[in-house]
1. Report the antiparallel proportion of the DSSP beta bridges in chain A as a percent, rounded to a multiple of 5.
2. Per residue, how large is the accessible surface of chain B? Use a 1.4 angstrom probe and give square angstrom.
3. Could you work out the relative contact order of chain B? I mean the mean sequence separation of Cα pairs under 8 Å and 6+ apart, divided by the number of residues, in percent.
4. Hey, if we sort A:40, A:68 by accessible area with the 1.4 Å probe, largest down, what's the order?
5. Hey, what angle do you get for helix B:134-145 against the long axis of chain B, alpha-carbon based, 0 to 90 degrees rounded to 10?
6. How much length would be gained if the chain were fully extended between residue A:2 and residue A:311, taking 0.36 nm per residue of separation minus their Cα-Cα distance, in nm to one decimal?
7. Quick one: P(r) of the range B:225-264 from all Cα-Cα pairs, 5 Å bins, percents rounded to integers, in order of increasing distance.
8. Give the residues of the range B:30-69 whose amide nitrogen is closer than 13 Å to a point set 7 Å from the Cα of residue B:81 in the direction of its Cβ.
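The values are calculated or read from the model by the stated rules, or taken from the named source; none is laboratory data. Since we're looking at a predicted model, the values are computed, not measured. All Cβ positions, glycine included, derive from the backbone under ideal geometry; neighbour counts span all protein chains shown. Ligands, DNA and RNA are stripped out before the accessible areas are found, and what is left, the full protein with its side chains, is counted by its heavy atoms. Shrake-Rupley method; radii C 1.70, N 1.55, O 1.52, S 1.80 Å.
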Amino acid sequence: MNAVLAIAVKDIRLLLRDRMGFFFSFFFPLLIAVFFGVVFRGGGGGGAGSGIPVAVVDLDNTAESAAFAGRLGAASELEVTAGLTREGAEEAVRIGRLRGAVVLLPGFGEARRRPFWGEPMRIELLVDPSRAALASMLEGVVTRHAFEGLSEMFADPAKMRGQVRESMDLMRRDGSLPRTMRPAFELFFNALDSMLETVEANGDADAATAGAARAGGWQPVRVSTRAVTARPSGLPTNSFALTFPQGVIWGMMGCALGFAVTMVMERTRGTLVRLRVAPLSRAHVLAGKAVGCFVVTTSVAVLLMVIARVAFGVQPTSVPVLAAAIACSSACFVGIMMLLAAVSRTEAAGNGLGWGVLLLLAMIGGGMVPLEFMPGFIKTLSVVSPIRWSLLALEGGVFRGFSFGQMAAPCAVLLGIGGAAFALGARLFRVD
Amino acid sequence: MLRLSNLRKRFGQVVALDDLSLHIPRGCIFGLLGPNGAGKTTTISIAVGLLAPDSGAVDLDGLGTPARAQVRARVGVAPQAVALYDDLTARENLDFFARLYEMPRAARRERADALLARVGLSDRADDRVKGYSGGMKRRLNLAAALLHDPPLVLLDEPTAGVDPQSRNAILDMARSLRDEGRTVMYTTHYMEEAQRLCDRVAIIDRGRVLAEGTVEQLVGTLGGSSVVTIQTDEGDTRIETADPVGELGRRLAAPGVRGVRVERPDLEAVFLHLTGRSLRD
């Protein structure tokens, strides 16, 4: 076992010292993931760069609520989907298609017409509780727009006078208002109307706004938040969730190829003779190579996903499932590495053959262009590509929300391909 | 120490070894001399268990075949190709190879330091091998064969392509290994090297042993006569003789001798005698 580890550690050390190999095993995949993540940012996958995707649901169905919904629809901070029912919006949040929903509750219009007493305008936000920052931001945006609407009203004395008169009529008809309060409100509305008349005559809107702002304890809008726990949607939460699994695939390909070439080098440069002369079996030598390759491919994958999480906000739907995907993919690439090393007679042949085979597998497996954009026969053909299964497994852990049961198929295929390739490669690998 | 009996090995249509038998006695430097393609490396590969013979047997020190790991652990090999990792330092190379023999860390360190000093690479121990000259790599290649203190050391063309200084160092090291009681099997196609170094020599060609014995025995029985050339005013006279000293004594007494040249037979002559070809053909 010590010898197996010694071979693995030596190979890892050699890989880290090979700048070109390290570049293609780590930095190149990272560049691919980041580059395409930036390119695709804003297009699909939740639109990371184009406002918060939310639904606005109008349960009040008044002119005031419709006007406010329209105001939110025009807001640059939001990307509004309208026309959903409350249940539809809730489901959209739950499956992750939308980040949240703004529900204008019944009574919104009436509260908007009598902003100085009674219940305030009530707005409910539906947000995934894991997105606390988003909830705060959405609440701020909605509150600001509500106040801006009122502020516009105050800024137009004529409009405000109409509102005051309408409020006075409503107050006179409102039986719920305590009788003792009525003279006070009557006095207030008359005084306010007189002031607005003066302001309107003099064209001084600021005085009116200042006067209204002096009304203490005034709360024209109340925003409450209700938690809607999102479940995995099967859609990437941002563009990097789509590109980092592909980056991981490229990293694994680079590692497998690097190790295949080092195995060929062991033979062509004679160091394999030393390994074989040492009291090791052939199995020890191959196991050492396999362990080294597995450790490096897994480490590269983990490192890339940590970068994706920390720097690009990619939140895996399940870390254990993602770990299983990485382990199975690494095992598969170890097998591919062994087969490539066995059939390559020289380092140049190993590099050429390796990239040729892996690029072909990546091409038909969705490693270059997503399979969704491929013609039907390529999609059919892709079942033979381990890249397809590896990508599916990784996406299953990153955004598809796979359970372990759903991971069984891709993992079984990966382990099957890896095992067969390893067995064949180990059989064909010449040690003399 | 090492007995190879009736070894046969074919690679396709090519017969690499054809009923080759050798016995390498303990504590000597045994030279395996032959042209390129004679079967020297194939013999070494079979001797350490890297290759299985088509037929025949190998026995190391009465322990059996080196195909068994425990038997193989008693052999150190410096392969013909420099078998080192260029991107590791000399010390890292030695440490790695020592780990393959399950040596504890302290022993590895101590042994590596001693061997680096022995091959004159202590001051470059922490430099990557890719910066070494050919001779330095050859010396390190030899050091790597000695890490686990093997009683039998196989050196396959250890001086191929090295500078004279490194060549002398390698030859000196081979002698010191013998002086320590180890057995050294040394393949080369440099006849003068074998003549200088080896206690016993086997000359092989096309996979067969043509002759085996001490250098003196081989030269004496198969090298032919010495040639004494007497230079006089009338010209040069070449005399083939088995007694060059006596011949010189008689000829030098004659008048008009301006100079003499004595050519003693060597292993090249032995090979020429045995095959009709030069060793370097």
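1. On the way: 5 of 22 bridges.
Of the beta bridges lying entirely in chain A, close to 25 percent run antiparallel.
2. Working: 12290 Å² over 281 residues.
The answer is 44 Å² per residue.
3. Working: 536 pairs, mean separation 61.3, N = 281.
The value is 22 percent.
4. The ranking, largest first, comes out as A:40, A:68.
5. That works out to roughly 60 degrees.
6. Taking residue A:2 through residue A:311 to full extension adds about 107.5 nm, to one decimal.
7. Each 5 Å bin holds this share of Cα pairs: 6, 28, 37, 20, 8, 1.
8. none
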